[in-house]
Amino acid sequence: MGILGKIFTWWDGATIGTHLWSWRKGEQVGTDAQGNTYHRSRKRGEGVQERRWVIYNGANDASRVPAEWHGWLHGSFGDVPESHLPPPRIWEVDYTPNATGTAQAYRPMGALERGGKRARADGDYEAWSPEG
């Protein structure tokens, strides 16, 4: 996507305005495994609230922010996440993007995309009737 794409699109990465703002007013503090970069305002101190933001590498999708960076963005802790991360657990899996609205989305039995048919209820269901 060329310079026109950076000027007019906000849904795929950052606009030219966001890049300029980040360059003038912010400093990059880190990058996650997906290539998203995290920034904070240069002006900090007594009486000045620190601003924090993310520039996505690709589509702007909040589910692409890892939990540790989400905590940093929302001010749960002051230092960058690398200083607060516990060691990885053996049962942890790598990030997978949110598949809602795509062909890879979960579709249960009875979903229209799977033909709209589901198995009949087999005795574990009693319909309510107003008689009581």
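The values are calculated or read from the model by the stated rules, or taken from the named source; none is laboratory data. Note that this is a predicted model, so its numbers are computed, not measured. Cβ placement follows ideal geometry from the backbone for every residue including glycine, while neighbour counts extend to all protein chains displayed.
Structure summary
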item: Scan of the stretch 76-132 for residues that are in contact (Cβ under 8 Å) with a residue 12 or more places away in the chain and among the polar types (S, T, N, Q), ordered by number; result: ASN98
item: Criterion violated by VAL80 - all others in (1) of a type in the set (Val, Ile, Thr); (2) surrounded by fewer than 10 Cβ atoms within 10 Å (Cβ to Cβ); (3) in contact with a Phe, Trp or Tyr (Cβ under 9 Å, 6 or more places away or on another chain) satisfied; result: (2)
item: Filtered residues of the stretch 105-123 (kept if surrounded by 10 or more Cβ atoms within 10 Å (Cβ to Cβ) and under 19 Å from SER63 (Cα atoms)); result: ALA105
item: Selected residue (only one of GLU46, GLU126, GLU92 is loosely packed, with under 10 Cβ neighbours inside 10 Å, farther than 30 Å from LYS25 by Cα and more than 21 Å from the chain's Cα centre (by Cα)); result: GLU126
item: Complete set of residues in the stretch 49-89 that are at pLDDT 85 or above, closer than 14 Å to GLY30 by Cα and in a loop (DSSP other than H, G, I, E, B); result: TYR56, ASN57, VAL65, PRO66
item: Count of the stretch 31-43 residues which are surrounded by 15 or more Cβ atoms within 10 Å (Cβ to Cβ) and closer than 29 Å to ASN98 by Cα; result: 6
